Each structure stands twice: as C-alpha cells, then as structure tokens.
Amino acid sequence: MRTSAGRVSGHPLRGLTPYIARKANLIGKLTAKHVAKRIRIFGLLSSVKKIFTKSGSYIATFFLEDPTGRISGIMFPKVYGECGAMLNDDSVM
C-alpha cells in the first residue's frame, strides 16, 4: 500500500489571531456582557445565502468565523443595499 504525506492546515486566519485580537473582539471570547452592545468582529464569511423577500428586497444569512469560533449573522435590506455586493463565501469581513 502506498500513501502520500499530506499537511493538514488550520484556519486560514490562524496566524492573524493576535492582530485580530488587537483590532476586534475574538468570536470565541464573546460572552453575555457583549449582548446588546456594539462590537467589532473580523473573520471569514461562509455559507452565504442571499434571499429575495416578499417585499421585493434582499436579505442575507451567513456565518462569520475567526480562528477562535463561528457566529451566524443576518443582513437586513437596508444594510444589504449598502454592502450586500461584498458578501461572498471566503471573503474576509
């Protein structure tokens, strides 16, 4: 039997964890004290779904992940109209 050696890599942003921690809140460190407060998070988008609503506008659902965790999100029509074009899988936000 022949096998080939491969390398299993971690999260694409793993090396940036210290930088992300200086500029934003790490997703894995979010707690109840962050609820209903304005925070800044930074990560990689995944599972982006753009949805056309009955009212004729778009919303989007997605996951944002950094090296410490993953969080789900929703973008409502007003914000979608301003920056929905930037929502693509594997985009950094």
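The local environment of I27, defined by Cβ-Cβ distances under 14 Å, has a net charge of +3 under the rule Lys, Arg +1 and Asp, Glu -1.
In order along region 59-68, the Karplus-derived 3J(HN,Hα) couplings, from 6.51 cos²θ - 1.76 cosθ + 1.60 at θ = phi - 60°, round to 10, 9, 10, 6, 10, 10, 10, 10, x, 9 Hz, and Gly and Pro are given as x. With all protein chains kept in place, the per residue accessible area of the chain amounts to 76 square angstrom at a probe of 1.4 angstrom.
The alpha carbon centroids of region 48-93 and region 9-28 are separated by 20 Å. Amide H contacts for I41 (H built 1.01 Å from N in the peptide plane; partners 5 or more residues away or on another chain; cut-off under 5 Å): N25. For region 80-93, backbone phi angles converted through the Karplus equation (6.51, -1.76, 1.60; θ = phi - 60°) give residue-by-residue couplings of 4, x, 7, 9, x, 5, 7, 7, 9, 4, 6, 7, 9, 10 Hz, Gly and Pro being listed as x.
In a reduced charge model with +1 at each Lys and Arg Cβ and -1 at each Asp and Glu Cβ, region 26-93 shows a dipole moment near 380 debye about its Cα centre. Take every Cα pair under 8 Å whose residues are at least 6 apart in sequence, average their separation, divide by the length of the chain, and the relative contact order is 28 percent.
Taking only protein heavy atoms and a 1.4 Å probe, the accessible area of the chain is 56% carbon and sulfur. Mean residue ellipticity, 222 nm, helices only, the chain: the sum of -39500 (n - 2.57) across DSSP H runs of n ≥ 4, divided by residue count and rounded to 500, is -4000 deg cm²/dmol. Whole-Hz Karplus values for region 12-26 come out as x, 9, 3, x, 9, 3, x, 5, 4, 4, 6, 9, 8, 7, 6 Hz, taken residue by residue from phi with 6.51 cos²θ - 1.76 cosθ + 1.60 and θ = phi - 60°; glycine and proline positions read x.
The values are calculated or read from the model by the stated rules, or taken from the named source; none is laboratory data. None of the values given here were measured: they were computed from a predicted structure. With ideal geometry, Cβ positions are generated from the backbone for all residues, glycine too; neighbour counts draw on all protein chains shown. Calculation scope for accessible area: heavy atoms of the full protein, side chains included, ligands and nucleic acids excluded. Shrake-Rupley method; radii C 1.70, N 1.55, O 1.52, S 1.80 Å.
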